[in-house]
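Quick note: the coordinates plus some simple rules give every number you see, no bench work behind them. If you're wondering where the values come from, they're calculated on a predicted model, not measured in any experiment. Virtual Cβ from ideal backbone geometry, glycine too; neighbours counted across all protein chains shown.
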Amino acid sequence: MNTPHLLSNDNTNTNPQCCLMIVWNRQQSLSSVVLYTLGVVDSSGLRMTYTPTLRPNDVGVLQSGGVYGIVVPPKQEKFRITGYCHSSCTKEWVPEGGVTFFAYTLHSHLLGVDIKVEHYRDEQPLHILAEDKHYDFNYQELRQFQQNPKILPGDTLKVTCTYSSLSRERVTVGGLATEEEMCLAFFFYYPKGDVGVCQSFPGFLFNHFDGLYTGLGIQPEVVNYDSYSLVSVYEALDNISDWTDEKVVTVQKACEKTYPVTYCLDNSGHMYNYDVFNPEDYPPIEVEEEDGEYCAGIISVGSRFKVNFLLFLSSLLAARSLYAL
């Protein structure tokens, strides 16, 4: 990524250490078994560049979307969840001249099949900021914008994830585990501001009388703002075994129509803004289909399927040649 005018950190003591964490979640797919049999091991590496000469701008990373409050009923081909970085938050941390996004990463877990980020200004749609119509948990990557968008104070970002839960027998909820779900977009931007998270919770987590509970016939406790304890809500949903079409529609409506609670966390993890708003102020942005796949990234998502297939095919051919010796 050619960004010589940027620096990933400044010379203050706010982040004096750098930590790399790699988490392996080995999937027993046919291709992985073949590669393991052949003795193929991961030879990935990391090159880190540092310099004593400070660059004009420091880089910040913004996490947007949502995690806690995600509810995906089982046996659904397409189920949507939306999270926001609301204008009430960007008014607080985006400087008057705005910030520039130059790269991004879209993220959900195993059920995610489509992730889209929409950009609004003064509650008016601007454009689709990023989208992966064929999201694959095993092919996550940092993508550079072809044209770096400018985010101004009062702008709103809307992150929508589509999940396929046909393989699940029980409800899937939001959380940190791979078997749970997330709906996130990470944006790399400059100049760096004092914000790390700009996200939202679905409103039904804070409203004991929301139609979600009455429609499903459950009465969980209202979640506590300080502890974010979702145990009562998740346990009540997990106890539902008969997910009828009516119940699925009830959950989808609650996820899309109830007023979200948006919040901001600074780089130290302290909350400094939260607000409630009407999600109908931000309708989906419709665009005409163009030739080929829409993708703001470096490599098209359609090409990734071809790469995956070729890797799988080559592993089978290698295995055949090996056992023929």
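Extension gain, E96 to I22: 0.36 nm times the residue separation minus the Cα-Cα distance gives 22.9 nm.
In this label model, E77 and E169 are separated by 2.4 nm, measuring between points 7 Å along each Cα→Cβ vector. When every alpha-carbon pair in the range 79-199 is counted, what percent end up more than 26 Å apart? More than 26 Å apart: 22 percent of the Cα pairs in the range 79-199. Each of M271 and Q144 was given a label point 7 Å from its Cα along the Cα-to-Cβ line. The distance between the two points is 3.8 nm.
What is the sum of charges around T172, taking Lys and Arg as +1, Asp and Glu as -1, for the other residues whose C-beta is under 12 Å from the C-beta of T172? Every neighbour counted, the sum reads -2.
As a rough guide to protection, the peptides 40-48, 151-159 ranked by mean Cβ packing within 10 Å, highest first, stand as 151-159, 40-48. Summing Cβ point charges (Lys, Arg +1; Asp, Glu -1) relative to the Cα centre of the range 42-160 gives a dipole of roughly 80 debye. Set the bar at 22 Å for Cα to Cα. Now go through K116/K192; K133/K158; K158/K253; K78/K116; K133/K192 and name every pair that lies beyond it. Over 22 Å apart, Cα to Cα: K116/K192; K133/K192. Summing +1 for each Lys or Arg and -1 for each Asp or Glu among the other residues whose beta-carbon sits under 10 angstrom from that of I81 gives -1.
The spacing between the range 55-102 and the range 235-261, judged by their C-alpha centroids, is 23 Å. Computed extension length for I218-D122: 30.8 nm, one decimal, from 0.36 nm per residue of separation with the Cα-Cα distance subtracted.
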